[in-house]
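Input: a single structure, listed below in structure tokens.
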Amino acid sequence: MSEQTSYDAIVVGSGITGGWAAKELTEKGLKTLVLEAGRPIVPEQDYVEHVPTWEVKFRGLGDRKKQLADQPIQSTCYACDEWSSKFFVSDKENPYTTAQGKPFRWIRGRQVGGRSITWGRQSYRWSDLDFEANLRDGIGVDWPIRYADIAPWYDYVEQFAGITGEALGLQQLPDSKFLPPMELNCTEKLVRERVSKHFGGERVLTIGRAAILTKDLNERAACHYCGPCERGCITRSYFSSINATLPAAEKTGRLTLRPFSVAHSVIFDSKTRRAKGVRVIDANSRATLEFHARVVFLCASTLESTRLLLNSSTPEFSSGLANSSGELGHNVMDHIKAGGADGVIPGNEDRVEFGRRPNGVYMPRFRNVKSKHPDFLRGYGFQGGGYREGWERGISQTGFGADFKKFLRGPGPWRFSFYGFGECLPSHDNYVELDTEKVDAWGIPALKIHSAWSKNELALRHDMAITASEMLAAVGATDIRPFALDEPPGFSIHEMGTARMGRDPKTSVLNSYNQAHDVKNLFVTDGGAMASSSCVNPSLTYMALTARACDYAVQQMKKGDI
Amino acid sequence: MRRREVLQILATGTALQLAPSKLLMFLREARALIDTSSLRTLDAHQDATVKAMAEMIIPRTDTPGATDVGASAFIDLMLSEWYDDDDRTRFLKGLADVDSQTRALFGKDFVDCAAAQQRDMLRTLGEKMIEESAEQSRVEHEFPSDMSFYPMLRRLTLTAYYTSEAGATDELHFEMIPGRFAGCQSASPIKEVPEQK
């Protein structure tokens with residue numbers, strides 16, 4: 001039997017946004033083909049969250065030499081460990097290059113589910129403080145949408161995904177439709193109380209808002225607090241494509257999921273000026289195949305979707321498909337992090353946590369909210385949390401023998417850390433292009449990334465270390481250690497902005513519905529669409545934008561406009 | 001117990017006649033002994049020295065110790081497959097230096113020293129570790145101070161122990177599936193740990 005090559009819709013990528021596009025489009029009646037470059041995932045075999053340390057060869061320290069050879073970039077990511085490294089790409093097969101003196105860390109996952117398997121699950125709404133920021137500051141282009149446009153779609157995706165958190169009623173960080181919050185630990189409660197008192201309510205500590213179930217929802221079970229979500233979750237308690245959206249799409253009977261399908265380029269029909277489909281290299285047979293559809297959704301991740309468009313140039317679009325603006329590939333952003341502080345919080349020595357909460361605390365942005373900071377635009381939020389030191393503290397101590405063993409049987413002091421994530425400004429000078437020499441394992445040109453922090457971002461990181469230390473001092477911490485590490489862009493794994501939305505086709509790639517200005521049946525709904533970066537984790541916004549774009553696309557198809 | 005005896009007991013099924021608690025202990029010992037045969041980096045003397053030091057750091061008490069969990073086999077694995085050549089060379093040199101020092105001080109290799117002499121040696125190594133670590137912040141070294149022999153041995157020993165099944169579950173009461181989260185509950189008092197011989 002020959003393979004079906006014609007569908008109503010094609011979705012490229014099966015990660016956070018591809019999963020949502022698959023769910024929405026199939027539920028709205030479209031026969032949908034999802035193209036995934038990597039392998040299929042079978043939770044019962046591939047998930048390893050309950051494999052204990054004593055059953056892995058290097059006891060959690062990782063197969064260092066193999067990682068250095070195969071995953072020198074991926075293995076620098078905190079989540080890429082001895083268990084979960086299989087959910088990250090081979091750097092050998094998936095090369096990229098960077099401009100001289102401008103390192104960039106590109107952390108990637110190629111398998112069904114993409115990076116939704118290993119993501120950090122932190123989920124925050126944007127506000128008009130974010131959507132109006134570019135207009136207010138005269139930077140980049142104005143967002144073509146405001147909070148009111150996306151709010152109902154946040155409601156919609158949150159009720160399906162399941163977001164745990166605490167409602168605060170803050171303007172700069174709107175509340176989600178929350179499942180019950182996870183509990184703060186003793187030290188976090190203490191820090192919350194003292195910070196609130198000391199800073200007059202301007203700085204608020206709350207439990208992290210995360211896409212993890214705290215009660216059963218849609219045939220998914222509440223979290224059982226085993227800890228390492230990035231290794232999978234057999235109870236489907238955290239949100240991922242595999243745990244939630246792809247099963248929903250599958251249920252419609254209209255989903256065709258095709259793994260090992262490396263998207264090569266979008267096929268453009270110059271007569272109709274529409275996308276005709278997607279050209280694919282079968283990762284196993286190496287054959288070049290073509291699949292056709294009425295509408296194409298690119299959900300391959302910010303840089304991959306952009307790379308695909310850059311590799312789809314035509315006589316009409318010589319610098320990349322849908323790039324009449326010249327902005328495709330430009331304005332790449334990430335969040336600047338690695339600024340903060342850590343300290344010992346005396347008290348509660350007789351108290352401990354039970355269970356491993358896969359979530360930290362959050363302090364919403366407080367800079368440039370009510371008053372203007374002289375040194376920088378925008379702001380940052382703090383993640384972090386309270387924890388007790390474990391047996392590892394014994395390594396650098398000199399003790400030995402039965403007493404020492406007894407000492408390590410109990411936990412060490414309570415520590416608390418603040419860890420900032422700051423907004424990155426869009427700049428035309430930060431961009432990606434196709435490398436003219438390097439290709440990946442399938443012969444597709446690699447990306448060359450040109451990206452560096454600006455003064456504004458560096459000022460944010462500096463301020464993170466100062467305010468974090470100041471708060472730790474205010475709550476009575478000892479042994480305060482500020483840090484502001486020189487990490488390159490990319491490492492927050494929040495890359496976005498290379499196919500930005502905007503009101504004007506001359507300065508942006510997508511319109512207010514993630515639809516390419518130049519090609520009406522082509523949508524990009526991953527992080528590429530972002531016109532600015534906010535300081536909050538972006539995935540929830542990608543989900544909402546994807547669901548909204550699918551709704552719009554299907555309406556347009558019904559009207560015959562697509 | 002000798003390796004040959006262990007193999008014999010395993011082969012004849014005599015082990016199954018042991019009481020459950022003894023059987024568990026026996027199997028642990030058996031594993032540690034059998035692992036010795038497959039050492040790839042450490043020779044028998046080096047292995048004996050590493051075993052003795054690791055057991056001194058984490059001795060068997062009311063719970064298993066470093067030897068019970070096969071710490072030296074893990075250390076051999078790490079030296080063979082995980083560390084770079086330079087680190088392995090430095091570790092083995094540090095290990096040899098321990099014998100040079102005990103021979104100079106007590107006229108014997110570390111493993112042949114009396115318990116009190118061995119403890120003196122470990123204390124000396126600990127003092128040197130603290131000095132080097134303090135020095136690290138002032139003077140530039142060719143390698144980080146925690147990659148000296150003794151901090152490496154401590155890291156490897158503690159990792160081998162606390163990530164082993166006995167270390168994680170018997171010692172630290174690790175539960176794979178807690179089923180709930182409580183942020184602030186009272187800590188169970190730490191039990192006394194008598195040293196057993």
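The values are calculated or read from the model by the stated rules, or taken from the named source; none is laboratory data. Here the structure is a predicted model, which is why all the values come from computation and not from measurement. Here Cβ is always computed from backbone atoms with ideal geometry, including for glycine, and neighbour counts include all displayed protein chains.
If you go through the range A:328-342 and keep only what is buried (at least 24 other Cβ atoms within 10 Å of the Cβ) and out of contact with any His (no Cβ under 6 Å at 6 or more places or on another chain), you end up with A:L328, A:G329, A:N331, A:V332, A:M333, A:I336, A:G339, A:G340, A:A341.
Just one residue in the set B:P178, B:P151 is buried (at least 19 other Cβ atoms within 10 Å of the Cβ) and at pLDDT 90 or above; that residue is B:P151.
Determine, yes or no, whether A:T245 is farther than 26 Å from A:L303 by Cβ and either away from chain B (no Cβ under 14 Å) or hydroxyl-bearing (S, T, Y) (or both).
Details: farther than 26 Å from A:L303 by Cβ: no; either away from chain B (no Cβ under 14 Å) or hydroxyl-bearing (S, T, Y) (or both): yes.
So A:T245 fails the test.
In the range B:121-137, which residue that is among the small types (G, A, S) and out of contact with any helix residue (DSSP H, G or I) (no Cβ under 6 Å at 6 or more places or on another chain) is farthest from the other protein chains (Cβ to nearest Cβ)? Out of the qualifying residues, it is B:S137. Any residue at all in the range A:223-239 that is of a type outside the set (F, W, Y), more than 14 Å from chain B (Cβ to nearest Cβ) and touching a strand residue (DSSP E or B) at 6+ places or on another chain (Cβ under 6 Å)? Within the range A:223-239, one or more residues are of a type outside the set (F, W, Y), more than 14 Å from chain B (Cβ to nearest Cβ) and touching a strand residue (DSSP E or B) at 6+ places or on another chain (Cβ under 6 Å). Confirm whether A:Y124 is aromatic (F, W, Y) and closer than 19 Å to A:S240 by Cβ. Taking the combined requirement at face value, the residue satisfies it.
Look at B:D68 and say whether it is surrounded by 16 or more Cβ atoms within 10 Å (Cβ to Cβ), among the charged types (D, E, K, R), in contact with a helix residue (DSSP H, G or I) (Cβ under 6 Å, 6 or more places away or on another chain) and away from chain A (no Cβ under 14 Å). Criteria not met by B:D68. When the residues of the range A:396-418 are narrowed to those that are part of a helix (DSSP H, G or I) and either within 7 Å of chain B (Cβ to nearest Cβ) or hydrophobic (A, V, I, L, M, F, W, C) (or both), which ends up farthest from A:E470 (Cα to Cα)? Restricting to residues being part of a helix (DSSP H, G or I) and either within 7 Å of chain B (Cβ to nearest Cβ) or hydrophobic (A, V, I, L, M, F, W, C) (or both), the top hit is A:A402.
Please specify each residue of the range B:51-64 satisfying the condition of being under 21 Å from B:P151 (Cβ atoms), more than 8 Å from chain A (Cβ to nearest Cβ) and not basic (K, R).
Hits for the range B:51-64 are B:A52, B:M53, B:A54, B:E55.
Evaluate the range B:77-92: report whether one residue or more is among the β-branched types (V, I, T) and within 17 Å of the chain's Cα centre (by Cα). No, every residue in the range B:77-92 fails to be among the β-branched types (V, I, T) and within 17 Å of the chain's Cα centre (by Cα).
Mind checking which residues of the range A:420-476 are buried (at least 19 other Cβ atoms within 10 Å of the Cβ), of a type in the set (K, R) and in a strand (DSSP E or B)? A:K448, the sole residue that qualifies. Would you call A:R307 within 14 Å of another protein chain (Cβ to nearest Cβ), buried (at least 23 other Cβ atoms within 10 Å of the Cβ) and either out of contact with any Gly (no Cβ under 7 Å at 6 or more places or on another chain) or part of a loop (DSSP other than H, G, I, E, B) (or both)? Judged against the criteria, A:R307 is not a match. So the check is Cβ under 6 Å with 6+ separation or different chains; which pairs have a first residue in the range B:166-184 that's within 7 Å of chain A (Cβ to nearest Cβ) and a second one that's assigned to a loop (DSSP other than H, G, I, E, B) and hydrophobic (A, V, I, L, M, F, W, C)? Taking only residues 6 or more apart or on different chains, the pairs are B:A168/B:F174; B:I177/A:C226; B:G183/A:L184.
So which residues in the range A:8-29 are surrounded by 24 or more Cβ atoms within 10 Å (Cβ to Cβ) and part of a loop (DSSP other than H, G, I, E, B)? Working first, answer last.
To start, the set of residues in the range A:8-29 that are surrounded by 24 or more Cβ atoms within 10 Å (Cβ to Cβ) comprises A:9-26.
Answer for the range A:8-29, where residues must be surrounded by 24 or more Cβ atoms within 10 Å (Cβ to Cβ) and part of a loop (DSSP other than H, G, I, E, B): A:G13, A:S14, A:G15.
The residue that is nearest to B:V50 (Cα to Cα), among those in the range B:138-152 that are more than 10 Å from every other protein chain (Cβ to nearest Cβ) and in a helix (DSSP H, G or I), is B:F149.
Annotation: of all residues in the range A:200-227 being at pLDDT below 95 and over 22 Å from A:S241 (Cβ atoms), the one that is surrounded by the fewest Cβ atoms within 10 Å (Cβ to Cβ) is A:G200.
Criterion applied to B:S72, B:S80, B:S38, B:S100 was being out of contact with any strand residue (DSSP E or B) (no Cβ under 9 Å at 6 or more places or on another chain) and modelled with pLDDT under 95, and the one residue passing it is B:S38. If you check A:Q74, A:Q111, A:Q45, A:Q100 for being touching a strand residue (DSSP E or B) at 6+ places or on another chain (Cβ under 7 Å) and more than 13 Å from chain B (Cβ to nearest Cβ), only one passes: A:Q111. Looking at the range A:54-61, is at least one residue in contact with a strand residue (DSSP E or B) (Cβ under 7 Å, 6 or more places away or on another chain) and not in a loop (DSSP other than H, G, I, E, B)? No, every residue in the range A:54-61 fails to be in contact with a strand residue (DSSP E or B) (Cβ under 7 Å, 6 or more places away or on another chain) and not in a loop (DSSP other than H, G, I, E, B). Taking the listed residues A:R351, A:R393, A:R388, A:R356, the one that is touching a residue at least 12 places away in the same chain (Cβ under 8 Å), within 13 Å of chain B (Cβ to nearest Cβ), out of contact with any helix residue (DSSP H, G or I) (no Cβ under 9 Å at 6 or more places or on another chain) and not β-branched (V, I, T) is A:R356, with no other qualifying. Taking the conditions exactly as written (closer than 19 Å to A:P426 by Cβ and surrounded by fewer than 18 Cβ atoms within 10 Å (Cβ to Cβ)), does A:G320 satisfy them or not? No, not satisfied.
For the residues A:R393, A:R415, A:R351, A:R378, the requirement of being buried (at least 22 other Cβ atoms within 10 Å of the Cβ) and basic (K, R) singles out A:R378.
Looking for whichever is touching a residue at least 60 places away in the same chain (Cβ under 8 Å), among the basic types (K, R) and either within 14 Å of another protein chain (Cβ to nearest Cβ) or in contact with a helix residue (DSSP H, G or I) (Cβ under 8 Å, 6 or more places away or on another chain) (or both) here; the options are A:R220, A:R209, A:R194. Which one fits? Walk me through it before giving the result.
Working: A:R220 fails: touching a residue at least 60 places away in the same chain (Cβ under 8 Å); A:R209 fails: either within 14 Å of another protein chain (Cβ to nearest Cβ) or in contact with a helix residue (DSSP H, G or I) (Cβ under 8 Å, 6 or more places away or on another chain) (or both).
Of A:R220, A:R209, A:R194, the one residue that is touching a residue at least 60 places away in the same chain (Cβ under 8 Å), among the basic types (K, R) and either within 14 Å of another protein chain (Cβ to nearest Cβ) or in contact with a helix residue (DSSP H, G or I) (Cβ under 8 Å, 6 or more places away or on another chain) (or both) is A:R194.
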